[in-house]
Protein chains: 2
Amino acid sequence: MGVTIDQGSERVDRRTRRRQETIEEILDIAEAVMSEVGVNGLSLSEVARRLGVQPPSLYKYFPSLMAVYDALFRRGQVANLAVMRAAMEDAEPGLPTVVASLDAACTWALAHRALAQLMFWRPVPSFEPSAEAFAPSIEMVAIQRAALADAVALGQLGPGAATEEGVYAVSIITSGTLTQAMANEPDLPWREGRFSPLFPKLMALLPALYPPKKRRAG
Amino acid sequence: MGVTIDQGSERVDRRTRRRQETIEEILDIAEAVMSEVGVNGLSLSEVARRLGVQPPSLYKYFPSLMAVYDALFRRGQVANLAVMRAAMEDAEPGLPTVVASLDAACTWALAHRALAQLMFWRPVPSFEPSAEAFAPSIEMVAIQRAALADAVALGQLGPGAATEEGVYAVSIITSGTLTQAMANEPDLPWREGRFSPLFPKLMALLPALYPPKKRRAG
DNA sequence: GTCTATAGCCTGATAGAC
DNA sequence: GTCTATCAGGCTATAGAC
């Protein structure tokens, strides 16, 4: 009996793992479809075609097309947050950390344009991300603000930078660079177009926007 | 005979005018549809429904859905250019002219979000604007660059501002502010959200990005 | 220029057999 | 969890009568 139960448990685990792999594969294909035909061009039929199954089978994994969008949104937020965290660890504290994390986010966004559009441009009016899918974005704002607070503590920026407004300022510079790059150079990755060189130049203006009272670190 | 010909001409003129009115009405409705269901949600059937005709009738005015997109794109570019020109006339020369025109463009863009998305974000991959529809955009870059050159001549900015890069810099600040405003405050007009106050602040950094050699005008 | 009718596609989603 | 079959609807675009 114990053996039988163990076999049963193993079987369940294996099935759960296999199921998760299928879910990931569906999302991979969905992202590929979006990058070819646009975020709105995603269709479950096309995903099923590429996966080699019939459309109804997908409903065993996602209850609706919007659920697929939500999973893609969440996946993108998680990946973007991870990339930014990793970049932060390798950078000097304060302002360099802010710039490095946003630079990494730009690299990621241009390598995952469709996801980035879904996340930051909301081109599907009928889709609203769930609170759970949106959570990493809130976390990202928090760590941005913490990094800006470090820059203030280090005397690199004035106190106005460690506010919501400071986060908005760096967001505007980042999303502006990305918007121009994606609209005007759809095939170039980050750092290869005419717009990415302006990103560090504009970021270097932050001390002029929030001047520190005394200058310590450069 | 002469009278008959004149009557014929009048009749043709009247028909031409009436036809143009219908075309404008179709574009008005198409813009309204896009603003409700997204740029990609535009369908000729829905336009026909609201116009009170059957879908095939629209093909007497536009040969295809993409032709409607192209006319909308052109219309948006023309309107945006006109708004920017008007704002320029009322502003002091040089830097204030640059800022005033882009501020006016922001007001227009948030009042015509769907058109702005179609023009600046390209959310319909299968749609490429025609050269004719794109022409006003090229003109806009030219007048921006001329205004930046004025600012350089007036000693407000260094010579680096009167370049393609200078135009990119102001474009990034503008499109970044717009992107954040549209994604995060979908219902607020320009000047009422959390992001538009940052637009003049970031624009005020331009002299720090392109420092003039001697300071004349402030 | 309007209409009806229709071709020929696509889609999301469900029911039910296996 | 897979399939077939199907519902119920959408769409662009064309043909042809009036």
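Quick notes on this structure:
- Only one of the listed residues (A:Ser35, A:Ser43) is within 15 Å of DNA strand D (Cβ to nearest atom), within 14 Å of chain B (Cβ to nearest Cβ) and not aromatic (Phe, Trp, Tyr). That residue is A:Ser43.
- Number of residues in the range A:179-194 that are at the interface with chain B (Cβ under 8 Å from one of its Cβ atoms) and either in a loop (DSSP other than H, G, I, E, B) or among the acidic types (Asp, Glu) (or both): the value is 2.
- Every condition in (1) assigned by TED's automatic domain parsing to the domain that holds A:Ala32; (2) surrounded by 19 or more Cβ atoms within 10 Å (Cβ to Cβ); (3) at positive phi is met by A:Arg122 except one, and the failing one is (1).
- Check on B:Met182, touching a Lys or Arg at 6+ places or on another chain (Cβ under 9 Å) and hydrophobic (A, V, I, L, M, F, W, C): yes
- The residue list B:Phe127, B:Phe199 contains one member that is touching a residue at least 60 places away in the same chain (Cβ under 8 Å) and surrounded by 22 or more Cβ atoms within 10 Å (Cβ to Cβ), which is B:Phe199.
- Whichever residue in the range B:11-59 is within 9 Å of DNA strand C (Cβ to nearest atom) and of a type in the set (Val, Ile, Thr) and, among such residues, is farthest from the chain's Cα centre (by Cα): B:Val53
- Summed over the range B:100-149, the residues that are within 14 Å of another protein chain (Cβ to nearest Cβ) and not hydrophobic (A, V, I, L, M, F, W, C) give a count of 10.
- Checklist (1) surrounded by fewer than 18 Cβ atoms within 10 Å (Cβ to Cβ); (2) touching a Phe, Trp or Tyr at 6+ places or on another chain (Cβ under 8 Å); (3) at pLDDT below 95 applied to B:Thr107, failing item: (3)
- Answer from A:Gly176, A:Gly166, A:Gly155, A:Gly160 - the residue that is within 13 Å of another protein chain (Cβ to nearest Cβ) and more than 22 Å from the chain's Cα centre (by Cα): A:Gly160
- Conditions (1) exposed (fewer than 15 other Cβ atoms within 10 Å of the Cβ); (2) more than 11 Å from chain A (Cβ to nearest Cβ): number failed by B:Pro212: (1)
- Residue in the range B:145-155 that is surrounded by 20 or more Cβ atoms within 10 Å (Cβ to Cβ) and under 23 Å from A:Val170 (Cβ atoms) present: no
- For beta carbons closer than 6 Å, sequence separation of 6+ or different chains, a first residue in the range A:36-65 that is within 24 Å of B:Gly38 (Cβ to Cβ) and in the same structural domain as A:Thr22 (by TED's automatic domain parsing) and a second that is hydroxyl-bearing (Ser, Thr, Tyr) and near DNA strand C (Cβ under 6 Å from one of its atoms), the qualifying pairs are A:Pro55/A:Ser45.
- Any hit, the range A:82-93, residues being at pLDDT 95 or above, within 16 Å of DNA strand D (Cβ to nearest atom) and either surrounded by 17 or more Cβ atoms within 10 Å (Cβ to Cβ) or within 14 Å of another protein chain (Cβ to nearest Cβ) (or both): no
The values are calculated or read from the model by the stated rules, or taken from the named source; none is laboratory data. Keep in mind the model is a prediction, meaning the values are calculated, not measured. Virtual Cβ from ideal backbone geometry, glycine too; neighbours counted across all protein chains shown.
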